[in-house]
1. Using the structure shown, select from Lys53/Lys156; Lys14/Lys67; Lys67/Lys162; Lys14/Lys156 the pairs with a Cα to Cα distance greater than 24 angstrom.
2. Using the heavy atoms of the protein chains and a 1.4 angstrom probe, tell me the accessible area per residue for the stretch 1-98 in square angstrom.
3. Quick one: which of 47-58, 68-79, 9-20 comes out on top by average Cβ neighbours within 10 Å, and what's the full order, highest first?
4. Residue separation times 0.36 nm, minus the C-alpha to C-alpha distance between Tyr70 and Glu41: what's the value?
Amino acid sequence: MLISICIPVGPSEKFADVQITIDSVLNKSEREVELVIKMFESHLSDEIRNYIKNFNLNVRLIEGQDKGIYDAFNICAQAASGDFLIFLGCGDEFLGFRDVKDIFENKAYVNSNVIYAGVIIYDGKKYMAFDNRCFFGERRLFPWRNPCHSQGLIYKRVWFFKKYI
């Protein structure tokens, strides 16, 4: 099972934030993962290429125009080849597949099209996004912010394309 992690890099992003996100995936990945990185035009493309060449990664780099983060997410999704999609913004930290492994093996989630993953979201301040444990008795995990965002969710790719693309 291949999981595609989609990362848009906008024109105002700093390489340090992109590096945080890539490192969080590298440090936590226990499954087959594909990184799909969409760079606005060629912003940070040299830095990203130089950085990722040091790792044994399945990476797709996409350069070009986009209409903002959600358009870049859609471009990533179209280029992705994984069975599942995860969207991360620059500076977001992926917390790993600890819960995801349980979710995929748990019969209660077999028909789920969207699953919460553990992600720390960065928007000037860091906070934890929802994860599935919130719904099974660990209420202290609820974040103080609205959980309705694309980061921190795992989508079945087939469902995502039927629904949104």
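1. Among Lys53/Lys156; Lys14/Lys67; Lys67/Lys162; Lys14/Lys156, the Cα-Cα distance tops 24 Å for Lys53/Lys156; Lys14/Lys156.
2. With all protein chains present, the stretch 1-98 gives 46 Å² per residue.
3. Ranked from most to least packed, the peptides come out as 68-79, 9-20, 47-58.
4. 8.9 nm
The values are calculated or read from the model by the stated rules, or taken from the named source; none is laboratory data. All figures in this text were calculated on a predicted structure; none of them were measured in a lab. No Cβ is skipped: glycine too gets one built from the backbone with ideal geometry, and neighbour counts run over all protein chains shown. Accessible surface is based on the protein model in full, side chains and every heavy atom, while ligands, DNA and RNA are left aside. Shrake-Rupley method; radii C 1.70, N 1.55, O 1.52, S 1.80 Å.
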